[in-house]
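Quick notes on the structure that follows.
The values are calculated or read from the model by the stated rules, or taken from the named source; none is laboratory data. Since the structure is predicted, the reported quantities are computational estimates derived from the model, not experimental observations. Note that each Cβ is placed from the backbone with ideal geometry, even for glycine, and that neighbours are counted across all protein chains shown.
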Amino acid sequence: MLNPKLHSVTAAAIIRRDDGRILLLKRADHEKVYPGMYAGPGGKIEGNDTIVETVMREVKEECSLEVEPDMLILKEKAILRKDGQTSKALSVLCRPKKTEPIILEEKNFTGYKWVNLEELRQIPHVGLEPEFIKVAEIFASGADLSPFYIDTEKTVL
């Protein structure tokens with residue numbers, strides 16, 4: 001039975017290199033959600049972590065990269081899984097501090113690729129075309145992105 005008040009929140013990194021290519025990790029075939037498909041590194045927001053803390057942690061755990069804390073939210077979507085669990089998913093644009101070496105968390109991922117939009121269209125992925133298009137538009141605009149970075153704050157009541 002669906003409980004609309006209980007859901008998970010996840011954040012996925014869209015990590016862009018200076019050449020415009022974006023990092024995707026191939027999910028292992030045993031994964032419950034999107035098995036064998038390419039996705040950005042990411043995971044569930046835990047406890048009182050912020051989106052930025054979650055993305056930085058998950059990227060480091062899943063592919064050993066570090067990303068800058070200046071991030072933009074690109075997309076938000078609501079997911080209803082086959083088991084009735086609801087999830088809220090955020091895609092977040094990130095800049096890597098370095099692009100190598102990539103060391104995958106082997107139990108969950110079997111490969112990685114840096115791809116452009118045309119290459120994305122040739123591989124099984126989790127529906128990332130809107131994010132790729134939006135990232136291209138953002139960088140084509142030449143705008144200063146710093147006023148739009150995520151503001152984070154932790155409050156304990």
Some residue of the range 139-148 being modelled with pLDDT of 95 or more and crowded, with 16+ Cβ neighbours inside 10 Å | no
Scan the range 86-98 and give yes if some residue there is among the hydroxyl-bearing types (Ser, Thr, Tyr), assigned to a helix (DSSP H, G or I) and within 12 Å of the chain's Cα centre (by Cα), otherwise no.
-> no
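Okay, residues lined up against (1) over 24 Å from SER146 (Cα atoms); (2) in contact with a helix residue (DSSP H, G or I) (Cβ under 6 Å, 6 or more places away or on another chain); (3) not basic (Lys, Arg):
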| residue | (1), (2), (3) |
| --- | --- |
| GLY40 | no, no, yes |
| GLY43 | yes, yes, yes |
| GLU62 | yes, no, yes |
| GLU68 | no, no, yes |
| ILE73 | no, no, yes |
| GLU76 | no, no, yes |
| LEU80 | yes, no, yes |
| SER87 | yes, no, yes |
For THR110, work out the one condition from (1) of a type in the set (S, T, N, Q); (2) assigned to a loop (DSSP other than H, G, I, E, B); (3) in contact (Cβ under 8 Å) with a residue 40 or more places away in the chain it doesn't fulfil.
-> (2)
Find the residue count for the range 31-44, including only residues that are at pLDDT 95 or above, out of contact with any His (no Cβ under 8 Å at 6 or more places or on another chain) and assigned to a loop (DSSP other than H, G, I, E, B).
-> 4
Report yes if LYS77 is charged (D, E, K, R) and outside any loop (DSSP other than H, G, I, E, B), otherwise no.
-> yes
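Among the residues of the range 20-41, write down those that are out of contact with any Phe, Trp or Tyr (no Cβ under 8 Å at 6 or more places or on another chain), on the phi < 0 side of the Ramachandran plot and surrounded by fewer than 18 Cβ atoms within 10 Å (Cβ to Cβ).
Taking the range 20-41 first, the residues out of contact with any Phe, Trp or Tyr (no Cβ under 8 Å at 6 or more places or on another chain) are 29-41.
This time we only want the ones that are on the phi < 0 side of the Ramachandran plot, so: 29-33, 35, 37-41.
Residues satisfying the conditions are ASP29, HIS30, GLU31, LYS32, VAL33, PRO35.
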Output for Cβ contacts, cut-off 6 Å, separation at least six or different chains, first residue over 16 Å from GLY40 (Cα atoms) and in contact (Cβ under 8 Å) with a residue 12 or more places away in the chain in the range 69-89, second of a type in the set (A, V, I, L, M, F, W, C) and surrounded by 12 or more Cβ atoms within 10 Å (Cβ to Cβ), reads PRO69/VAL52; SER87/ILE79
Some residue of the range 24-31 being closer than 21 Å to LYS134 by Cα and among the aliphatic types (A, V, I, L, M) | yes
Flag if LYS82 is out of contact with any strand residue (DSSP E or B) (no Cβ under 7 Å at 6 or more places or on another chain) and either surrounded by fewer than 12 Cβ atoms within 10 Å (Cβ to Cβ) or among the hydrophobic types (A, V, I, L, M, F, W, C) (or both) = yes
Of the residues that make up the range 102-111, is at least one surrounded by 12 or more Cβ atoms within 10 Å (Cβ to Cβ), under 14 Å from ILE14 (Cα atoms) and of a type in the set (Ser, Thr, Tyr)?
-> no
Residue under evaluation LYS60, criteria (1) surrounded by fewer than 17 Cβ atoms within 10 Å (Cβ to Cβ); (2) under 21 Å from ASN116 (Cβ atoms), criterion not met = (2)
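Could you tell me how many of the residues in the range 99-127 are of a type outside the set (Asp, Glu) and closer than 21 Å to LYS60 by Cβ? Spell out the reasoning first.
Step one: filter the range 99-127 for residues of a type outside the set (Asp, Glu), giving 99, 101-104, 107-117, 120-127.
Going one step further and asking which of them are closer than 21 Å to LYS60 by Cβ, we end up with 99, 101-104, 107-114, 126.
The number of residues fulfilling the criteria is 14.
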